[in-house]
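Engineer: Supplied in structure tokens, the structure appears directly below.
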Amino acid sequence: MTILKNLFLCSSFSDVSKKFENYIERFPLDRTLTFIPTASLVEDVDFFVNDAIQVFDDLNFKIDILDISRASTSDIKKIIQHNNFIYLSGGNSFFLLENLKSSNTDLEIIKQVKNGKIYIGESAGAIVASKNIEYISLLDDKNKATLLNSYDALNLLPYYPLPHYKEIPFERETTKIFDDYNKTIDVIPLRNENVLVVDEISSKIF
């Protein structure tokens, strides 16, 4: 079976909306989207969720909003299978991963991305695409995922995205994460205007 893997990863989706508009031109697919905002549910600041919805609305996407912390496993599977694009919002990476695992959404996303669905990850959504998210603990609070017993994540790419690199108010945390981990894992720092695009052939930051 041919594996088709396409990832669009960023820090701030609304800041890269034009890049996303150009990116999706390569895919002759109906613009149907599974929108997973679950990472944002434990955050005091969540304006980025509505900002992302606005971007997709402006690009004429049909959006199914899916909170994987509440939806049934069967509904999660049905919605993800139905839509061509999968978006995971920013928020707390550990809370997101906890819910991805407990609902088996992680397995369904891995399967569908390998079958050709397009994965869009903003901040936490970009982080969980990596193999393991322990590296991000200085930026996100592990205590918001008390039932999470493994930091192994989706493993969709060989890199470790570091969103909001040197951006206010995360300058200290992101700089330290990069300095602490850069020599042991392939950390990819992303400013808010950056995108990491990955497919089976190559990866590119722009």
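The values are calculated or read from the model by the stated rules, or taken from the named source; none is laboratory data. Note that the coordinates shown come from a computational prediction; the quantities given were computed from them, not determined experimentally. Note that we place each Cβ from the backbone using ideal geometry, even for glycine, and neighbour counts take in every protein chain shown. To get the accessible areas, we keep the full protein, side chains included, count just its heavy atoms, and leave off ligands, DNA and RNA. Shrake-Rupley method; radii C 1.70, N 1.55, O 1.52, S 1.80 Å.
Engineer: For the stretch 149-206, which strands (runs of 3 or more DSSP E) that fit wholly inside it have 1 or more residues that are without any contact (Cβ under 8 Å) to a residue 60 or more places away in the chain and either closer than 14 Å to residue 136 by Cβ or of a type outside the set (S, T, N, Q) (or both)? Even if it seems obvious, please write down each step before you answer.
Structural biologist: Values: elements: 160-162, 187-189, 195-198, 203-205.
Per the criteria, 160-162, 187-189, 203-205.
Engineer: Are there any pairs with C-beta distances below 6 angstrom linking a residue in the stretch 14-37 that is free of Cβ contacts under 8 Å to residues at least 40 places away in the same chain and closer than 25 Å to residue 76 by Cα to a residue that is assigned to a strand (DSSP E or B) and open to solvent by 10 Å² or more (accessible area, probe 1.4 Å), with the two at least 6 apart or on different chains, and if so which?
Structural biologist: Filtered contacts from the stretch 14-37: no entries.
Engineer: Moving to a separate point now. Checking residue 76 against (1) out of contact with any Ser or Thr (no Cβ under 9 Å at 6 or more places or on another chain); (2) within 15 Å of residue 35 (Cβ to Cβ); (3) not polar (S, T, N, Q), which test does it fail?
Structural biologist: Every condition holds for residue 76 apart from (1).
Engineer: Looking only at the stretch 104-134, filter to residues that are without any contact (Cβ under 8 Å) to a residue 40 or more places away in the chain, of a type in the set (D, E, K, R) and part of a helix (DSSP H, G or I); which one of those is surrounded by the most Cβ atoms within 10 Å (Cβ to Cβ)?
Structural biologist: The qualifying residue surrounded by the most Cβ atoms within 10 Å (Cβ to Cβ) is 108.
Engineer: Does the stretch 139-148 hold any residues that are surrounded by 15 or more Cβ atoms within 10 Å (Cβ to Cβ) and not in a helix (DSSP H, G or I), and which are they?
Structural biologist: 139, 140, 145, 148
Engineer: Conditions: (1) of a type in the set (A, V, I, L, M); (2) within 27 Å of residue 188 (Cα to Cα); (3) at pLDDT 95 or above; (4) open to solvent by 80 Å² or more (accessible area, probe 1.4 Å). Residue 65 meets all but one. Number of the miss?
Structural biologist: That leaves (2) as the condition not met.
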